[in-house]
1. Filter region A:25-63 down to the residues that are of a type in the set (D, E, K, R) and more than 10 Å from DNA strand C (Cβ to nearest atom), then identify the one that is nearest to residue B:155 (Cα to Cα).
2. Going by the structure shown, is residue A:64 part of a loop (DSSP other than H, G, I, E, B), within 16 Å of DNA strand D (Cβ to nearest atom) and at pLDDT below 90?
3. Take the conditions over 24 Å from residue A:107 (Cβ atoms) and touching a strand residue (DSSP E or B) at 6+ places or on another chain (Cβ under 8 Å) and apply them to residue B:95. Does it pass?
4. Filter region A:2-50 down to the residues that are under 43 Å from the mean Cα position of the chain (by Cα) and on the phi > 0 side of the Ramachandran plot, then identify the one that is modelled with the lowest pLDDT.
5. Go over the candidates A:72, A:129 one by one and state the one that is among the aliphatic types (A, V, I, L, M), part of a helix (DSSP H, G or I), over 13 Å from the mean Cα position of the chain (by Cα) and facing another protein chain (nearest Cβ under 7 Å).
6. How many of the residues making up region A:322-347 are more than 22 Å from the chain's Cα centre (by Cα) and within 14 Å of another protein chain (Cβ to nearest Cβ)?
7. Can you tell me which of A:120, A:101 is away from DNA strand C (no atom under 16 Å from the Cβ), away from every other protein chain (no Cβ under 13 Å) and not in a loop (DSSP other than H, G, I, E, B)?
8. Does residue B:113 satisfy the criteria of being free of Cβ contacts under 8 Å to residues at least 12 places away in the same chain, outside any helix (DSSP H, G or I) and facing another protein chain (nearest Cβ under 10 Å)?
2 protein chains.
Amino acid sequence: MPEITRGADRPPGTRYGNRPTMKDVAARAGVGLKTVSRVVNGEPGVTPDTERRVQEAIDALGFRRNDSARVLRKGRTASIGLVLEDLADPFYGPLSRAVEEVARAHGALLINGSSAEDPEREQELALALCARRVDGLVVIPAGSDHRYLEPEIRAGVATVFVDRPAGRIDADVVLSDNYGGARDGVAHLIAHGHRRIGFIGDMPRIHTAAERLRGYQAAMADADIPVAEHWMSLGATSPERVRREAEAMLCDRDPVTAVFTGNNRVTVTVIRVLAEHSRQVALVGFDDIELADLLQPGVTVVAQDAAALGRTAAERLFRQLDGTLVTPERIELPTRLITRGSGELSPAG
Amino acid sequence: MPEITRGADRPPGTRYGNRPTMKDVAARAGVGLKTVSRVVNGEPGVTPDTERRVQEAIDALGFRRNDSARVLRKGRTASIGLVLEDLADPFYGPLSRAVEEVARAHGALLINGSSAEDPEREQELALALCARRVDGLVVIPAGSDHRYLEPEIRAGVATVFVDRPAGRIDADVVLSDNYGGARDGVAHLIAHGHRRIGFIGDMPRIHTAAERLRGYQAAMADADIPVAEHWMSLGATSPERVRREAEAMLCDRDPVTAVFTGNNRVTVTVIRVLAEHSRQVALVGFDDIELADLLQPGVTVVAQDAAALGRTAAERLFRQLDGTLVTPERIELPTRLITRGSGELSPAG
DNA sequence: CTGAAAGCGCTTACAG
DNA sequence: CTGAAAGCGCTTACAG
């Protein structure tokens, strides 16, 4: 096993000082710098013999082109940034993967960052990515004011917002039909005889949460059902809060017979609460969840297509970079109601 | 709304050509380049008055330092790469997030890439990241020969392998105790009276799959239970194959009374098969899965701590970069048996 | 077919 | 306290 030299053994600040450069390759092959560049980049105009000599020098020295230097000269970095809420959330995994696949198809790398739903952290991250001169940015907004990105967009950073709209700037946005999905989900509960329906969602400043609540309210209004204030609860999706709210709605003097949950995290907690509850309560949740079909009853959901959101956004990003796209648009992807049992329970008593 | 200039309106190849540089700021503020650099980097030795003038020029021009250029001069890029199998897999989300958090604490960005379990793609990705001169690389290996990374490691790229060991090179490795976890899980089934226990796992070339099979075999041997060849199945984790194998084991003339599943994807499919099956069959799965506690029966699992794997690996990576770490080590994190019902069923008949 | 010079946007090392 | 020159490792534009 060859001794592997670690950072510690090298003079500080010269991590790559011992890396061979094109200059080293040129010297060894006895050719000019530009000729090495030609060989490395597969450009034409090099005799087979010269090419062979250069290639030998490359192999002997273990040369690998420094793309950072290349980037500085070329302008484009062939990398894009993705700012999302939390990579660990099962909703963002597929979205992120979809963005990555599109990036890969365009020869670009993907830099990921989690904002943890903190607007300041979102901004810090997005601007750090711009400082690295990513070619484009896919942002799932945590904040509601994105004017800080205007100079970057003007300087040529392609930008697409996903899942939630951009705040106070005109930009490409790819969303799910949150309003329509929630409205359909709640209408489904109403169609099964429910009138006392609770809504538990995420913090009201999050666009998707507000839109889904609006959908709930529209469905209730369409059916002429007056909504009690305490049937609606927006706030942090921590299990503690959701549990408290769900229990309150269920044990009220005036208990709900069905609950519509505003996202996957809320749904999971409410399922737990309902499992401990004696009376059967209907449930429809926004976002699909794994194994939803195997629970008793199966969980009826309004599913959005996370991968499609990511794919659509990334494709628009690269079309911006192509110059094919000029006018910002708002794209809305449909949701899908998947019935599995929990949403088809009729009101008890 | 101000007109936003898109890529299309700019001469090709000069995306950032219109970005102000330190030189522009210097000219506008009437100072030298180095003075701008001092202000931008918060270095001492600038009069308050000069600093103010420079700051004004920065704001007026909308200057943002080009970190790509900075990196070229400084040596370190303050970015690390993570090569994993699939960002969309619920196991890798938390792992990835944990790596990101550690990177963030060290002021570094994270570039993610999915190998899709393809050794060639792993290599291509890892080398592309090296060409970008990431400071370090966290790799969840798809391949079994990582000698291609030797020149990079020698050149100073910190490297840590996670989840599976490196192949044919000496490097830091952070693993779960796959062997011990599987052995304990199978021993748990044996303790509940099972002797006919099936094992369905991932492809044998994947280290974790092989180790878990070894754990299964050890537990069976410890209990003096001879293992029939057709009780063990390693292969692709596609639902089709897993379903076929599970059904074969269950409907055999000599059916198993319990199944040990080798990872989360296999577990999910086997749960589906068992749900359709008339006879109750015990199940213990490797990897925890969401909502496992809410199924009927709850799913007993051998859980690994994905976040801890990521955190541990990333921390070692930065310790390599500090120079605090010199000798490659193999770290094994414990697994945890979580009993929820399915693993405590006794053999039927 | 080949290469010397200039430059990408910064930082380093040094001199005033 | 301040700045001119050189250089990081490439590519571009040009000349031979």
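1. Step by step, filter region A:25-63, then rank; the result is A:59.
2. In short, no.
3. So residue B:95 fits the description; yes.
4. A:13
5. A:72
6. 8
7. Answer to the check: A:120.
8. The answer is no for residue B:113.
The values are calculated or read from the model by the stated rules, or taken from the named source; none is laboratory data. Bear in mind the structure is a predicted one, so any value in this text is a computation, not a measurement. Backbone-built Cβ (ideal geometry, glycine too); neighbour counts: all protein chains shown.
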